[in-house]
Amino acid sequence: MGRRKPSTGTEAAGAAAGPGAPAAGSPAASHPGTAASLQCELDGARKRLEEAARELDSVRKGLSEAQARSDGNLALLQRVAADYENFKKFAERERAEAVLRERSAVLADFIESFENLERAIEAGSREVPADGKLLKGLRLTLDMMKGVLERAGVRPIEALGRRFDPLLHEAVYFSPDPSRPEYTIAEELRRGYTLNGKVLRTSKVCVVTRPAPDSAREGGTEGPKDDGKEA
C-alpha cells in the first residue's frame, strides 16, 4: 500500500468548494466579480442588439411606407400627365375644328359672291359685246376669285350625269326618263363644293327615276261586257 501525498491548503479549499466552482488560482477565482460583470455586459449587448433590431425594423417600415407613397405619387403624376396630354389633344382638335368652321363660313360667303359675279357676267354677255373692256375686267376678277378658291382647297362637286350620292347631292325633284339610267343626275340646279375633300356645300340636283307604269295596264283585266241578253 503506497503512501498518500498530503494535499496542500489550496487543493483542499478547491475540493471543499465542489466541482462546479472555479479552480483556485484561476482569474475568476482570484476576481469573484468578473463573471457577474461579464454577464451584465452580455445582457447589455443583447439588449442593445434587440433595440438595434427594432430600430432597423422601424426604418424598414418607414422605407416601405415612403416607397408606397412614392409609388402613389408617381401613379398620380402619370395620370395627371396623361390627362394633360388628352386635354391638349382635345384643345388642339377643338381649335382646329373652330378654325375650319370659321374658314368654311368665310369660303361659303366668298362662293356666293363668286357665283353672283359669274351670273352677272353671263347675263351681261347677252347685252354688251363679249370683247368689251368691262366684261374682260369682270372675267379677270372672276378668274382671280376662282384661283383663291382653288388655293384654299375648294373644288366643285361633279354632278351632271353622275349617279346620285346623298352625301354629295341634294335631290330637289325627280324627273321620269326611260332613256336614262335610274338615279342619275339630269340637271344641276346649284353647284356644290368640297373643302379639302370634305363637303362644304351639297349640290342641288334633279334625279332621273323610272316612269310610272301605265295605270290602265296596271288596273288588271276588264270586267265582263254586257251583251244585252237577259239571263
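The values are calculated or read from the model by the stated rules, or taken from the named source; none is laboratory data. Note that the structure is predicted; figures quoted are calculated from it, not measured. Reconstructed Cβ throughout: ideal geometry from the backbone, glycine too, with neighbour counts over all protein chains shown.
May I ask you to verify whether Glu122 is surrounded by fewer than 10 Cβ atoms within 10 Å (Cβ to Cβ), out of contact with any Leu (no Cβ under 9 Å at 6 or more places or on another chain) and either of a type in the set (Val, Ile, Thr) or assigned to a helix (DSSP H, G or I) (or both)? Before you say what the answer is, go through the steps one by one.
Working: surrounded by fewer than 10 Cβ atoms within 10 Å (Cβ to Cβ): yes; out of contact with any Leu (no Cβ under 9 Å at 6 or more places or on another chain): yes; either of a type in the set (Val, Ile, Thr) or assigned to a helix (DSSP H, G or I) (or both): yes.
Criteria met by Glu122.
Candidates in segment 187-220 are the residues that are aliphatic (A, V, I, L, M) and either part of a loop (DSSP other than H, G, I, E, B) or surrounded by fewer than 17 Cβ atoms within 10 Å (Cβ to Cβ) (or both); of these, the one that is modelled with the lowest pLDDT is Ala216. No other residue among Asp109, Asp83, Asp143 is assigned to a helix (DSSP H, G or I) and either in contact with a Lys or Arg (Cβ under 9 Å, 6 or more places away or on another chain) or under 17 Å from Leu195 (Cβ atoms) (or both) apart from Asp109.
Go through segment 162-179 and count every residue that is part of a strand (DSSP E or B) and among the small types (Gly, Ala, Ser).
Going residue by residue through segment 162-179, those that are part of a strand (DSSP E or B) are 163, 169-176.
In the following step, the residues that additionally are among the small types (Gly, Ala, Ser) were identified as 171, 175.
So the answer is 2.
Residues of segment 147-162 that are touching a strand residue (DSSP E or B) at 6+ places or on another chain (Cβ under 6 Å) and over 23 Å from Glu102 (Cβ atoms): Ala159, Leu160, Arg162.
Checked against (1) over 27 Å from Leu100 (Cα atoms); (2) surrounded by 14 or more Cβ atoms within 10 Å (Cβ to Cβ); (3) touching a residue at least 24 places away in the same chain (Cβ under 8 Å), Pro176 passes all but condition (2).
Within segment 148-160, no residue that is farther than 15 Å from Gly192 by Cβ and modelled with pLDDT under 95 sits with its Cβ atom under 8 Å from a residue that is part of a loop (DSSP other than H, G, I, E, B) and among the acidic types (Asp, Glu) at 6+ positions apart or across chains.
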